[in-house]
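The values are calculated or read from the model by the stated rules, or taken from the named source; none is laboratory data. For clarity, every value in this text was computed on a predicted model and none was experimentally measured. FYI the Cβ positions are ideal-geometry reconstructions off the backbone, even for glycines, and counts take in every protein chain you see.
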């Protein structure tokens, strides 16, 4: 491979693919995209139902987990992160939301106001073309009718999810952005290329070193788009972060940027499990013919069980019963296990409720300068007790929703934790069982570690463009906002590159 390019993009996930496409469109630069994992060329990625095999996969998921956290009674919480072309957008449930306009107003960053961001989303959606889930289970359709209205985090509402599928297959940022960009002839994608450190000389980022020792040079600059876990880890290993912390690990200081790794947060969530004779997709003797015919139906029509993204419908609720939602529900028309295994025999359904705008904050740090060692992840769950109380009220609101008459034909009893779990026992249950929606953000925040043009403080020719730059999390799933950040941020980066050329 060529060892020198104009620009290096680290990470071929949802944001990195969008960054690459914008750079290829707006500049004449040569671009090298470095992806730590393999290609996404596998049926488990393309077939929506294949996601059940991807989370926890030994080579396609980073398989990160948190430190023991006080707010969840000393538990570790899983943090699945995609490790292949498409990134986490190749292992997620493909749910598509922009968020609320007020989310971006709250960022208070020049060039990221709601009107500007909405225009960038339009560009992204022209490439991705999200659409309603094509063949939801009737139970999901019934749940979607429990409130009705257009499903949006702007209002209390419910419905079947819009997803980034095309013709019944996952259509990730790698499909919508990266592959078209490669057709320019100026983009080279290198898989299985994990970055160890950035090389900085005289205050300017100019190269990266891979864990196998290879060095790749960048004439114009480097864009880090490795996500809210890996992006700060790369910066920290490169000496960009809190000087005292880095010195303890023997890492030479490149730039003392205190906020690298800070402000890490996610949507805290807790599920309700229903099990009985009724429900959605099941693992029972009566369901075996349906599963046996599912592959043929999918091949012929791209519909049926294998076209399900599992998380088929949802709702936005208000914890205080008002008009402004602060909770999101994900509805899965299948019984999931609550004792360690996800796929279990029987019928039922599962719904989780998440806090849309959590106040708790954590931090990512290093335990070692060795890139093969996982970073220390603290999501700070329930450090602010208001998040716990909001989630407690959210469980009550979700139970009310699941009692709606439109679900009567499908209703199964709440098997875990059970309707008698209320008050203090419910709060204990949440601390013992809550996880997240797998939407980590904020660890290289705008106005903190990078400026509004996504340039890293203290280092020239270095930018970060992914969900890590969010000052605060958006009020729903973060895959679409990550693509928007990559696309819109690359507009600033392209201007900076042309100005300094």
- Message: Going through 185, 159, 203, 176 one at a time, which residue ends up being without any contact (Cβ under 8 Å) to a residue 12 or more places away in the chain and either crowded, with 18+ Cβ neighbours inside 10 Å or not assigned by TED's automatic domain parsing to the domain that holds residue 407 (or both)?
- Response: 185
- Condition met for residue 489 (on the phi > 0 side of the Ramachandran plot and out of contact with any helix residue (DSSP H, G or I) (no Cβ under 6 Å at 6 or more places or on another chain)): no
- Task: Look through the range 121-155, keep the residues that are outside any helix (DSSP H, G or I) and without any contact (Cβ under 8 Å) to a residue 12 or more places away in the chain, and return whichever of them is nearest to residue 332 (Cα to Cα).
- Result: 148
- Note on the structure: In the range 446-456, anything surrounded by fewer than 23 Cβ atoms within 10 Å (Cβ to Cβ) and touching a residue at least 12 places away in the same chain (Cβ under 8 Å) is listed as 447, 448, 452, 453, 455
- Query: What strands (runs of 3 or more DSSP E), lying completely within the range 326-424, carry at least 1 residues that are within 26 Å of the chain's Cα centre (by Cα) and surrounded by 15 or more Cβ atoms within 10 Å (Cβ to Cβ)?
  - Reply: 327-332, 347-355, 362-365, 376-378
- Considering the range 247-268 alone, what residues qualify as being touching a helix residue (DSSP H, G or I) at 6+ places or on another chain (Cβ under 8 Å), surrounded by fewer than 24 Cβ atoms within 10 Å (Cβ to Cβ) and not in a loop (DSSP other than H, G, I, E, B)? 256
- Within the range 482-489, identify whether any single residue is part of a loop (DSSP other than H, G, I, E, B), touching a residue at least 12 places away in the same chain (Cβ under 8 Å) and either in contact with a strand residue (DSSP E or B) (Cβ under 6 Å, 6 or more places away or on another chain) or in the same structural domain as residue 109 (by TED's automatic domain parsing) (or both), and answer yes or no. no
- From the list 63, 76, which one is in the same structural domain as residue 209 (by TED's automatic domain parsing), under 22 Å from residue 170 (Cβ atoms) and either in contact with a strand residue (DSSP E or B) (Cβ under 7 Å, 6 or more places away or on another chain) or surrounded by fewer than 19 Cβ atoms within 10 Å (Cβ to Cβ) (or both)? 63
- Which residues, counting only those in the range 457-501, are farther than 25 Å from residue 174 by Cβ and within 22 Å of the chain's Cα centre (by Cα)? 471, 472, 475
- Which ones in the range 269-314 are touching a strand residue (DSSP E or B) at 6+ places or on another chain (Cβ under 7 Å) and either surrounded by fewer than 18 Cβ atoms within 10 Å (Cβ to Cβ) or part of a helix (DSSP H, G or I) (or both)? 276, 277, 283, 284, 305
- Item | Top-ranked residue in the range 457-472 [being in contact with a strand residue (DSSP E or B) (Cβ under 6 Å, 6 or more places away or on another chain) and crowded, with 24+ Cβ neighbours inside 10 Å; ranked as nearest to residue 221 (Cα to Cα)] | 462
- Query: If you go through the range 334-384 one residue at a time, how many are touching a strand residue (DSSP E or B) at 6+ places or on another chain (Cβ under 6 Å) and more than 30 Å from residue 231 (Cα to Cα)?
  - Reply: 10
- Evaluation of residue 136 against (1) more than 14 Å from the chain's Cα centre (by Cα); (2) surrounded by 18 or more Cβ atoms within 10 Å (Cβ to Cβ); (3) assigned by TED's automatic domain parsing to the domain that holds residue 13 (one fails), failing number: (3)
